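Undergrad: Let me give you the structure first, and then I'll get to my questions.
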């Protein structure tokens, strides 16, 4: 560069002597603003051309790192500075390394080769060396990284890093010398490096792959495990690693000093009582006096205390703890010291990433606004609510301190497709082929409104529905819904057929009264028609006629039996409800509860007169903290009752069966009346569904699971009919929408039961 500048300066000196600048033109430059160019040159129109200033300007121009070459052309005082810019990186692709897009994006950030950054051979070389270092730290040897450079145009290039990970080091044996109270099965739960297990290909078994970068942390993890068990004197050194490069196998030796188990002797909290009274905290702590000390519980208590203080506005509160050990008696005193700092207020809430969703839709779910006092629980709840909305794939809320008592909140969202065209179906022994479809958008024009049109069609039934929902009317705590529907269900029994047609609508309104808790009411109006067609041969048989007349074959009186009668009636009902939702995601919640209770009162006009109370409860729990495995437990239970208040029609009966209540059986499988005679509606129903969900292809948001369902239904008691079902399911949030496959097997089914072995749903997003 110096030689270039010198030559340019000499050339210029011959033509610039005693010349003045008439005009200045900057050509072929886009990376630096005109203002910066002028300031860097340091000369203006009318000034004398100064070779020294020109040399200095050239040095500065090159120092920006944007230019490969700079040419100066002077035409009788008309100065042209012609730049040749370095190409920018249009795209970076890393092949053969990670499969998850999130992991690949994280690597790109580490390499600092972002889209739009300047290309240089030095930076690419450094990035290649970084990749090789990452591979080595993960236990790969003899790795190769090749870089392809593709010129897209004069100003941009594409970089492709082709990675050959080489050979992996497999841990053949891991020994824990000095471990008596705990063993390898305990350590396996917490360490990243563990020996290869038999049937390593099976889910949950260790494949023994070496992760060199995690070795130093494994010792700390084992140490923490001992602290969780109360062994406060435990000391675990970094492991000794012995690698056989001929076989690419390794041995690990951990050296463990366990010590004795400690009991919690006393707990003290030093905290200004004007902020939070410490006496109100002790009973809620997980650590208990006279019980085994547990470092995990201590950290949970530490976070709990910090949250209580942070909820009072002390955003930067510190909760420190001190352990005073009595080594002779193996007891320990725990002392929490709280430094609250200063109360903090929200200065501004900045929203980004919402290209489609309106700012106000995001803002209404952020419980903190400018001027509000900081509250940590509000912050956590806001993040969960935004993720539950289904509008966003990811939500991050960052705190940015701008003064001693002010902070900005930066809400960064990654939008998810909210519109969907769904096509699904299944097969049941009764309905045969079932097809369902819907068109919906849960975020119309980014407004948060939901509009849906759906239809279900099978050999025995069909249903059509249109619905409009507003989760926050005028951005308030009130919500509303309007829907209209038309349904036809055909029941085919051995002695008769029945058709039940329903047309109607409902309107609902509610309000969030407490965080995550909603109350409201729904009014529904349905016009129902029931038509029964009996087998004439059976109906006219002597036995049936005798039963209908109340006499047996010998003419003796017996209790009369009845047949179903055609009827048209109106069901007008109002249903107050209360719902609670603290889950952390829309599609795949890993924590939280969904619960609700309602009481339908039919008798607001109309013909039906009954009361139908119902409760439901759903629980989601991730086992990752316990097992380090992405397993999710799901449990759902619901119960309903039907109380006669003057008239219960057959269509008002409770039903059991289908994906929502009892998998392995078709919807409305019970009651199943094959006798041909009228029977009282079923008035009690209770269903339970338990699932465990496993990751299948995490990068593709694909999971699989196992389930067990148990249900019961009856006229006078819950247990008159009991059935269960089990099976497996596949779930996938695909680029084209949610997909679910259900493979079910009924348990304890009886002849005549309407079973269903397979169901699926599939959709595409727009």
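Undergrad: Output yes when any residue across the stretch 527-534 is under 30 Å from residue 593 (Cβ atoms), in the same structural domain as residue 595 (by TED's automatic domain parsing) and in contact (Cβ under 8 Å) with a residue 40 or more places away in the chain, and no when none is. Break it down stepwise before answering.
TA: Quick first cut of the stretch 527-534, residues under 30 Å from residue 593 (Cβ atoms) only: none.
Within the stretch 527-534 (the criterion being under 30 Å from residue 593 (Cβ atoms), in the same structural domain as residue 595 (by TED's automatic domain parsing) and in contact (Cβ under 8 Å) with a residue 40 or more places away in the chain), the answer is no, since none of the residues qualifies.
Undergrad: Listed residues 165, 216; which is surrounded by fewer than 13 Cβ atoms within 10 Å (Cβ to Cβ) and under 29 Å from residue 104 (Cβ atoms)?
TA: Result: 216 is the single residue among 165, 216 that is surrounded by fewer than 13 Cβ atoms within 10 Å (Cβ to Cβ) and under 29 Å from residue 104 (Cβ atoms).
Undergrad: Here is a follow-up. For the stretch 726-740, which residues satisfy the criterion of being at pLDDT below 85 and assigned to a strand (DSSP E or B)?
TA: Quick first cut of the stretch 726-740, residues at pLDDT below 85 only: 732-740.
Correct list: 732, 733, 734, 737, 738, 739, 740.
Undergrad: Look at the stretch 574-598 and say how many of its residues are assigned to a strand (DSSP E or B) and either surrounded by fewer than 17 Cβ atoms within 10 Å (Cβ to Cβ) or out of contact with any helix residue (DSSP H, G or I) (no Cβ under 9 Å at 6 or more places or on another chain) (or both). Don't jump to the end; show me each part of the working.
TA: Step one: of the stretch 574-598, the residues assigned to a strand (DSSP E or B) are 574-581, 591-598.
Restricting the remaining residues to those that are either surrounded by fewer than 17 Cβ atoms within 10 Å (Cβ to Cβ) or out of contact with any helix residue (DSSP H, G or I) (no Cβ under 9 Å at 6 or more places or on another chain) (or both) gives 574-580, 591, 593-598.
Counting residues in the stretch 574-598 that are assigned to a strand (DSSP E or B) and either surrounded by fewer than 17 Cβ atoms within 10 Å (Cβ to Cβ) or out of contact with any helix residue (DSSP H, G or I) (no Cβ under 9 Å at 6 or more places or on another chain) (or both) gives 14.
Undergrad: Now for a separate question. Just give me the residues in the stretch 309-328 being more than 30 Å from residue 372 (Cα to Cα), in contact (Cβ under 8 Å) with a residue 24 or more places away in the chain and out of contact with any strand residue (DSSP E or B) (no Cβ under 6 Å at 6 or more places or on another chain), in sequence order.
TA: Selection gives 326, 327.
Undergrad: Restricting to the stretch 74-98, and then to whatever is assigned to a strand (DSSP E or B), in contact (Cβ under 8 Å) with a residue 60 or more places away in the chain and out of contact with any helix residue (DSSP H, G or I) (no Cβ under 6 Å at 6 or more places or on another chain), can you tell me which residue is farthest from residue 120 (Cα to Cα)? Spell out how you get there, then give the answer.
TA: Taking the stretch 74-98 as the starting set, the residues that turn out to be assigned to a strand (DSSP E or B) are 74-75, 78-85, 88-95.
Subsequent filtering for residues that are in contact (Cβ under 8 Å) with a residue 60 or more places away in the chain retains 74, 85, 88-95.
Narrowing further to those that are out of contact with any helix residue (DSSP H, G or I) (no Cβ under 6 Å at 6 or more places or on another chain): 85, 88-91, 93, 95.
Working: 85: 11, 88: 9, 89: 9, 90: 13, 91: 14, 93: 16, 95: 21 Å.
Out of the qualifying residues, it is 95.
Undergrad: Looking only at the stretch 168-189, filter to residues that are modelled with pLDDT of 85 or more and farther than 29 Å from residue 246 by Cα; which one of those is surrounded by the most Cβ atoms within 10 Å (Cβ to Cβ)?
TA: Selected residue: 179.
Listed here are the residues, each with its yes/no results for (1) at pLDDT 85 or above; (2) touching a helix residue (DSSP H, G or I) at 6+ places or on another chain (Cβ under 9 Å); (3) under 30 Å from residue 541 (Cβ atoms).
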position: 605; (1), (2), (3): yes, no, no
position: 628; (1), (2), (3): no, no, no
position: 632; (1), (2), (3): yes, yes, no
position: 641; (1), (2), (3): yes, no, no
position: 646; (1), (2), (3): yes, no, no
position: 649; (1), (2), (3): no, no, yes
position: 661; (1), (2), (3): yes, no, no
position: 691; (1), (2), (3): yes, no, no
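Undergrad: Can you tell me which residue in the stretch 456-500 is surrounded by the fewest Cβ atoms within 10 Å (Cβ to Cβ), limited to those that are under 33 Å from the mean Cα position of the chain (by Cα) and not in a strand (DSSP E or B)?
TA: Checked the stretch 456-500; the qualifying residue surrounded by the fewest Cβ atoms within 10 Å (Cβ to Cβ) is 474.
Undergrad: Only one of 360, 356 is within 29 Å of residue 584 (Cα to Cα), in a loop (DSSP other than H, G, I, E, B), touching a helix residue (DSSP H, G or I) at 6+ places or on another chain (Cβ under 9 Å) and not assigned by TED's automatic domain parsing to the domain that holds residue 231. Can you tell me which?
TA: Numbers: 360 fails: in a loop (DSSP other than H, G, I, E, B).
Exactly one of 360, 356 is within 29 Å of residue 584 (Cα to Cα), in a loop (DSSP other than H, G, I, E, B), touching a helix residue (DSSP H, G or I) at 6+ places or on another chain (Cβ under 9 Å) and not assigned by TED's automatic domain parsing to the domain that holds residue 231, namely 356.
Undergrad: Another question, if that's okay. Answer with yes or no whether residue 194 is modelled with pLDDT under 85 and touching a helix residue (DSSP H, G or I) at 6+ places or on another chain (Cβ under 9 Å). Please lay out each step first, then the result.
TA: Values: modelled with pLDDT under 85: yes; touching a helix residue (DSSP H, G or I) at 6+ places or on another chain (Cβ under 9 Å): yes.
When the stated conditions are applied, residue 194 passes them.
The values are calculated or read from the model by the stated rules, or taken from the named source; none is laboratory data. Keep in mind that this is a model prediction, so the values were computed, not measured. All Cβ positions, glycine included, derive from the backbone under ideal geometry; neighbour counts span all protein chains shown.
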